[in-house]
Amino acid sequence: MILVFGQSGQGAQEIARRSQDAFLLGRATCDIGEKGAARAAILDAEPRFVVNAAAYTAVDKAEVEPDLAFRMNSAAPGEMAKACAELNIPFVHVSTDYVFDGSGTTPFLPTDPTGPLNTYGRSKLEGEEAVRAAGGTYAIFRTSWVFSAHGSNFVKTMLRLSETRDHLTVVADQIGGPTPAADIAGACLKIAENLEVDPKLSGTYHFAGAPDVSWADFAREIFAQAGRDVTVEDIPTSAYPTPAERPKNSRLNCDTLSEFGLERPDWRLGLSRVLDELGARK
């Protein structure tokens, strides 16, 4: 059995599609914000491995709810990693590009210095540190700009807005790799299976879709594939102020994925599949 935290999340839903052995835990069955809950769930289940796709992801709200963000994104992953270390099983923890400061234009390596700009990023970074400190077999799996047919994400927001708008202003100076949740799920499973065989592969990895684009160009591709007649106007980040600062450079260097025979997925193909699933083409 594979234990997956984050039942309602995009990644967990896709893992369940790919593996009949996946058992998903959500807040109703295991509130990871409660101390000891995640540890108890893992020790009780004794799974082959654990994937943590659960997180506090409300980036702006985290600025006013830092305690909750840190409990879910830092304390809980550390607890999970320690339980997995006790059972001597792999732990795959999904993290984010937001652990970086977004400076420059060069894709960030897994080994590059971190410097999160907001509370969400700081909580995720602290979670990574807790996972490493647990001393078990692990993979920290940083990704970016996740989308799918499930939950809330940029693709679904753009489609919703296109129902009533024919002109949208979208940020054009933040650059990153949109990443289909389906590909994240497949990569998490493959990495965990490799870690079962070779724990020395433990470490931090990057996984993001290709090619890198701006949010504005991502929106244009969504509308083009969906057959929506919407004009996208580029705007700078400064024209769309938010409570939490966002990194402008979210590019991730994913070369070390070759350790697992993985490469960056083409997000445009993933987008096509999501639009088909949503029945969103016109």
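The values are calculated or read from the model by the stated rules, or taken from the named source; none is laboratory data. Quantities reported herein were computed from a predicted structural model and do not represent experimental measurements. In this analysis, Cβ positions are derived from the backbone assuming ideal geometry, glycine residues included, and neighbour counts consider all displayed protein chains.
Residues 106, 137: which one is surrounded by 21 or more Cβ atoms within 10 Å (Cβ to Cβ), in contact (Cβ under 8 Å) with a residue 60 or more places away in the chain and either of a type in the set (Ser, Thr, Tyr) or farther than 17 Å from residue 205 by Cβ (or both)?
Values: 106 fails: surrounded by 21 or more Cβ atoms within 10 Å (Cβ to Cβ).
One residue alone meets the criteria, 137.
If the condition is being within 24 Å of residue 162 (Cβ to Cβ) and of a type in the set (S, T, N, Q), then region 228-249 contributes 231, 237, 242. Looking across region 232-258, the residues that are surrounded by fewer than 18 Cβ atoms within 10 Å (Cβ to Cβ) and over 20 Å from the mean Cα position of the chain (by Cα) come down to 233, 234, 235, 236, 237, 238, 239, 240, 241, 242, 243.
If you go through region 260-282 and pick out every residue that is surrounded by 14 or more Cβ atoms within 10 Å (Cβ to Cβ) and over 22 Å from residue 162 (Cβ atoms), you end up with 5.
Of all the criteria given as (1) in contact with a Ser or Thr (Cβ under 6 Å, 6 or more places away or on another chain); (2) under 19 Å from residue 273 (Cβ atoms); (3) among the polar types (S, T, N, Q), the one not satisfied by residue 202 is (2).
Restricting the search to region 1-28, which residues are closer than 19 Å to residue 68 by Cβ and part of a loop (DSSP other than H, G, I, E, B)? Once the filter is applied, which keeps residues that are closer than 19 Å to residue 68 by Cβ and part of a loop (DSSP other than H, G, I, E, B), region 1-28 yields 6, 7, 8, 9, 26, 27, 28. Looking across region 228-276, the residues that are of a type in the set (Asp, Glu), at pLDDT 95 or above and part of a helix (DSSP H, G or I) come down to 255, 276. Of the candidates 101, 166, 183, the single residue that is in contact with a Phe, Trp or Tyr (Cβ under 9 Å, 6 or more places away or on another chain), touching a residue at least 24 places away in the same chain (Cβ under 8 Å) and of a type in the set (Asp, Glu) is 183. The lone criterion from (1) β-branched (Val, Ile, Thr); (2) exposed (fewer than 15 other Cβ atoms within 10 Å of the Cβ); (3) touching a residue at least 40 places away in the same chain (Cβ under 8 Å) left unmet by residue 29 is number (3). The residues of region 72-94 that are assigned to a helix (DSSP H, G or I) and polar (S, T, N, Q), listed by number, are 73, 74.
For the structure I just gave you, tell me whether residue 62 is surrounded by fewer than 17 Cβ atoms within 10 Å (Cβ to Cβ) and more than 22 Å from residue 270 (Cβ to Cβ). Step through it out loud before you land on a result.
Numbers: surrounded by fewer than 17 Cβ atoms within 10 Å (Cβ to Cβ): no; more than 22 Å from residue 270 (Cβ to Cβ): yes.
Taking the combined requirement at face value, the residue does not satisfy it.
Exactly one residue out of 69, 55 is touching a strand residue (DSSP E or B) at 6+ places or on another chain (Cβ under 9 Å), surrounded by 24 or more Cβ atoms within 10 Å (Cβ to Cβ) and not in a strand (DSSP E or B): that is 55. Just checking, how many residues over region 73-104 are among the aliphatic types (A, V, I, L, M), under 17 Å from the mean Cα position of the chain (by Cα) and farther than 12 Å from residue 122 by Cα? Matching residues across region 73-104 total 3. Pairing each residue of region 52-79 that is charged (D, E, K, R) with any residue that is not in a helix (DSSP H, G or I), provided the two are 6+ apart or on different chains, yields C-beta distances under 6 Å for 60/242; 60/243; 60/244; 63/243; 63/244; 71/33.
Could you tell me whether residue 58 is within 14 Å of the chain's Cα centre (by Cα), within 14 Å of residue 205 (Cβ to Cβ) and either small (Gly, Ala, Ser) or modelled with pLDDT under 95 (or both)? No, not satisfied.
Filtered by the rule that a residue be closer than 17 Å to residue 53 by Cβ, assigned to a strand (DSSP E or B) and either hydrophobic (A, V, I, L, M, F, W, C) or over 17 Å from the mean Cα position of the chain (by Cα) (or both), region 181-227 gives no residues.
When restricted to residues that are surrounded by 15 or more Cβ atoms within 10 Å (Cβ to Cβ) and over 22 Å from residue 189 (Cα atoms), region 32-51 contains 2.
Just one of (1) modelled with pLDDT under 95; (2) buried (at least 19 other Cβ atoms within 10 Å of the Cβ); (3) closer than 30 Å to residue 279 by Cβ fails for residue 147. It is (1).
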